[in-house]
Amino acid sequence: MIPLKSLAAALLLLAAAVPPADPELGRKIYQEGIPGSAQPACASCHRRSGFGTSEGGVYVPRVTGPVLFQPRQLRRADLFRNLYQESQTPLYSARVRDPRLRPAYTPETLAAALREGRDPAGRALDPLMPRYRLSEEEMEGLTAYLRGLSAVPSPGVDGETIHFATVVAEGADPGRRKAMLDVLEAYVRWKNAETRHSAQRVGFSPWYRDEFQGSYRQWRLHVWELRGPVRTWPEQLAAYERAQPVFAVLSGLGAGPWRPVHDFCETAGIPCLFPNTGLPVAAPPGVYSLYLSPGLTVEAQALARYLSGSRERIVQVYRDVDEGRVPARALREALGAARLADRAVPPGRALTPAFWKRLMGETRPAVLVLWLGPEDAAALGPATGAFAPVRQIVLSGSLLGDPASVPSGLHEKTWLTWPYALPGHEEPLIYRVRAWMRARGIERSHERLQLATWFALAVTDHSLTHVVENFSRDFFVESVEEEAENALNPGLFPSLSLGPGQRYASKGSYVVRLADGAPGGVEAVSGWIVP
Amino acid sequence: MTWRSIRSISALALLGAAALQAQPRYVRSEERIAIPAVTLIDSRGERVPLAAVLDPSGPVVLQFIFTTCPSVCPLLSSALAGAQGEMGEGARLVSISIDPEYDTPARLREYARRFKAGPRWRFLTGNRDDVAAVQKAFGAWRVNKMSHEPLTFLRAAPGEPWVRLAGPVSAAELLAETRRLAAR
């Protein structure tokens, strides 16, 4: 018989020798792979959220905590899209319909699955799932991590309501603010009315809708106004989030840099979808911040690509604010400082004909690039004579707003960077969106802005139906990555698409010339340039 | 039940079992494809007519991929990477991006490095409409790239029909199919 004291001592020793499971090690293995191994990381197929994918005819199942550590549940609503709404191969359809019932995973059966490719029912896992070599410590860490993976719903959702916010920066034009909020508020009202209607039909579902009852939520929109100096914005955003957490931030209106909002979204882990800003964070891409376009940066880069063939001297002039500095820097980096001369003008200083005459005399550019807004553009009129030796003047279509702001005397030699679809080739969906706005009494005062706002809402709506009751922010972002491409483009950009890890839905720009007879007053001189 | 019939049935069952185990997970078919006269862009950023890539004599293996593809394209490209060394001198490998706006030449170079692509393996991107025309010619077009099928096309020589492998393929299966092409 073993003496009790020795047994106790032995047990204590054992307990001390076994390190506690490290979920942080598990997270690293899940997201980045086993250190030193060439095998793909779990997240590359099962995704960061653990909700898997159905890409390329291959069904990658869910490995979230609730799914793994419970017996397999068959919930048609969860697989609805995979079953009925995707165009897939027969092999895929068969796989998705295969029940593959199994008991809950335990640490032992999970280890067997990863090392030997067997599920707890003894079935072989798909041959496409790798067999991994994991140490005990790695296995325990991974198990601990998986238990917690997407195990609780994200903040901002309760049994009845899903909360969203939109950010409006101080200094945003009041007309644009109203135009955007009109669309946001009308969509939320419309959506909630539809949801109430569907939710009233519990138990009466001649078709599949009843299976989605658990997923219906009333949308609630909060407007997060940012006031005062930019350095106080992070504090304000954090305070808003503390007062009422939101599931995601939709659309929004910037005036100046968007970076403080981007950084907040990244730190707080809140999806921030498609804000209306020409100054998104262009690099490095975030995890939670998604943009319609890289904005002024891509306009400058596309222009550089278009001008790269020639050796002509280029001068660029910009206001010394972000809207000028950012594209100016991008153009300088793309063309090289040797080819390009810069002139930064402090905000508030008038751009007089004398200024232009002196500048043209000193620099004699063949191409003059002006990162200027409509007022500065209009003020070019009196200086027309000074620009006689300049071959081409280039302005930004997004900064300018309306091409007609360019004085008519300069139209002949003016190009614009144009990061949008060309007028006159409207997407069919634009007519439906216009009709939707008209039916809700929304004044179409800023169509570009309103179409962009509508897109953010429509993608959110479609992505949430895929998420069903699994209110995970990561899963939502992955859903948006897929949905962005699905025929929701209201025509503001030639095409919108995302993908795993992609963060800018439109990726290029045209260079257009002013053409008074043409639709929208512009005509392309380049193709669609993706730098 | 005679001893002889038991033996025949067992033999058949064994053969059947062996055939099932050897069953590839892809579907093989043949078709003639009219290659559109488009100019694409290679991973060095140079414009190259697709015909120039496909017309020279020798076998060609072609796949449609995109660099942010989570599961299927890494599988397809790994298979090609595993087979590339043993395909023979004249063989050319081509991967065409179905997400050409994101897959710039720089991203294609990074993808090529990931799969240790040799000099005979070219990566092509281009303008959205041109790439869509190529996809449609090969029957590989989908509105949403996430719905793409895992497809590998092989052709023994210009003018010959293309062999279409729809489904996941391993390096060994690719090599077997290439040899089968050469044997015709």
Task: FRET efficiency, A:E312 to B:E46 (Cβ-Cβ, R0 25 Å, nearest 0.05) - done: 0.60
Task: Surface per residue (accessible, 1.4 Å probe) for the stretch A:381-422, Å² - done: 35 Å²
- [ ] Report the local net charge at A:Y504: Lys and Arg +1, Asp and Glu -1, summed over other residues whose C-beta lies under 14 Å from its C-beta.
- [x] -3
Open item on the list: Restricting to lysines 8 or more places apart or on different chains, can you count the pairs in the protein assembly as shown with Cα atoms under 28 Å from each other?
Closed with: 10
TODO: Count charges around B:V53 for me, please; just the other residues with Cβ under 15 Å from its Cβ, Lys/Arg as +1, Asp/Glu as -1.
DONE: +2
Open item on the list: Of all beta bridges DSSP finds with both residues in the protein assembly as shown, what is the antiparallel percent, to the nearest 5?
Closed with: 40 percent
- [ ] Please report how far the C-alpha centroid of the stretch A:399-457 lies from that of the stretch A:326-355, rounded to the nearest whole angstrom.
- [x] 27 Å
Task: Those Cys residues of chain A for which no other cysteine Cβ falls under 4.7 Å - done: A:C42, A:C45
Task: Area hidden from solvent between A and B (accessible, protein heavy atoms only, 1.4 Å, total, Å²) - done: 2300 Å²
Open item on the list: Which one, A:H197, A:T352, A:A300, projects farthest toward the positive side of the charge dipole computed for the protein assembly as shown from Cβ point charges (K/R +1, D/E -1)?
Closed with: A:A300
Open item on the list: I need the phi-derived Karplus couplings for the stretch A:519-527: 6.51 cos²θ - 1.76 cosθ + 1.60, θ = phi - 60°, integer Hz, Gly and Pro marked x.
Closed with: x, x, x, 9, 9, 5, 9, 10, x
Task: Net charge contributed by nearby residues that have their C-beta within less than 13 Å of B:R28 (K/R +1, D/E -1) - done: -1
- [ ] Could you state the angle between the C-alpha long axis of helix A:353-363 and the longest principal axis of the C-alpha atoms of chain A, as a value from 0 to 90 degrees rounded to the nearest 10?
- [x] 80 degrees
Task: Rounded to the nearest 20 debye, dipole of the protein assembly as shown from Cβ charges on Lys, Arg, Asp, Glu - done: 1000 debye
Task: Sparsely packed trypsin sites (Lys or Arg not before Pro) within the stretch A:220-274, loop by DSSP, other Cβ within 10 Å at most 14 - done: A:R227
Task: Positions from the stretch B:49-71 whose accessible area shrinks by 30 Å² or more when the full protein complex is built, not the chain alone, probe 1.4 Å - done: B:T68, B:P70, B:S71
TODO: Whenever you get a sec, compute what percent of the accessible area on the stretch A:214-353 sits on carbon and sulfur atoms (1.4 Å probe).
DONE: 52 percent
Open item on the list: If exposed means no more than 12 neighbouring beta carbons inside 10 Å and the site is in a DSSP loop, what's the longest run of chain A without any exposed GluC sites (Glu not before Pro)?
Closed with: A:1-159
Task: Among B:A34, B:A166, B:A91, residue whose mean-square fluctuation peaks in a GNM of chain B (springs only between Cα atoms under 10 Å) - done: B:A34
Task: Of all accessible heavy-atom area on the stretch B:50-182, the percent that carbon and sulfur account for (1.4 Å) - done: 53 percent
Task: Accessible surface, the stretch A:433-525, averaged per residue in Å² (probe 1.4 Å) - done: 29 Å²
TODO: Can you work out the PRE-style zone for A:Q73? Point 7 Å along Cα to Cβ, and I want the residues of the stretch A:101-132 with backbone N under 16 Å.
DONE: A:101-105
Open item on the list: Can you tell me the orientation of helix A:233-243 relative to chain A, as the angle in degrees between its alpha-carbon axis and the longest Cα principal axis, to the nearest 10?
Closed with: 40 degrees
TODO: Sort the stretch A:62-161 into rounded, prolate or oblate with this rule: let a ≥ b ≥ c be the square roots of the eigenvalues of the Cα gyration tensor; rounded if a/c is under 1.5, and if a/c is not under 1.5, prolate when a/b is larger than b/c, oblate otherwise.
DONE: oblate
TODO: Name the residue, out of B:R120, B:R92, B:R109, whose mean-square fluctuation peaks in a Gaussian network model built on chain B with Cα pairs under 10 Å.
DONE: B:R120
Task: Rounded if a/c under 1.5, otherwise prolate or oblate - the stretch A:479-519, Cα gyration tensor axes - done: oblate
- [ ] Note every residue of the stretch A:47-90 with a reduction of at least 20 square angstrom in accessible area, all protein chains present versus the isolated chain, computed with a 1.4 Å probe, or write none.
- [x] A:E55, A:G56, A:V58, A:S87, A:T89
- [ ] Mind pulling the angle between the C-alpha long axis of helix A:322-335 and the longest principal axis of chain A? Nearest 10 degrees, somewhere in 0 to 90.
- [x] 90 degrees
Open item on the list: Using a 10 angstrom Cβ neighbour count of at most 12 plus a DSSP loop assignment to flag exposed GluC sites (Glu not before Pro), which longest range of chain B is free of such sites?
Closed with: B:90-184
Open item on the list: Could you work out what % of the accessible surface of the stretch A:13-120 is carbon and sulfur, using a 1.4 angstrom probe and leaving DNA, RNA and ligands out of the count?
Closed with: 60 percent
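The values are calculated or read from the model by the stated rules, or taken from the named source; none is laboratory data. For clarity, every value in this text was computed on a predicted model and none was experimentally measured. When we count neighbours, we look across all protein chains shown, and the Cβ atoms used for this are built from the backbone with ideal geometry, even at glycine. Ligands, DNA and RNA are stripped out before the accessible areas are found, and what is left, the full protein with its side chains, is counted by its heavy atoms. Shrake-Rupley method; radii C 1.70, N 1.55, O 1.52, S 1.80 Å.
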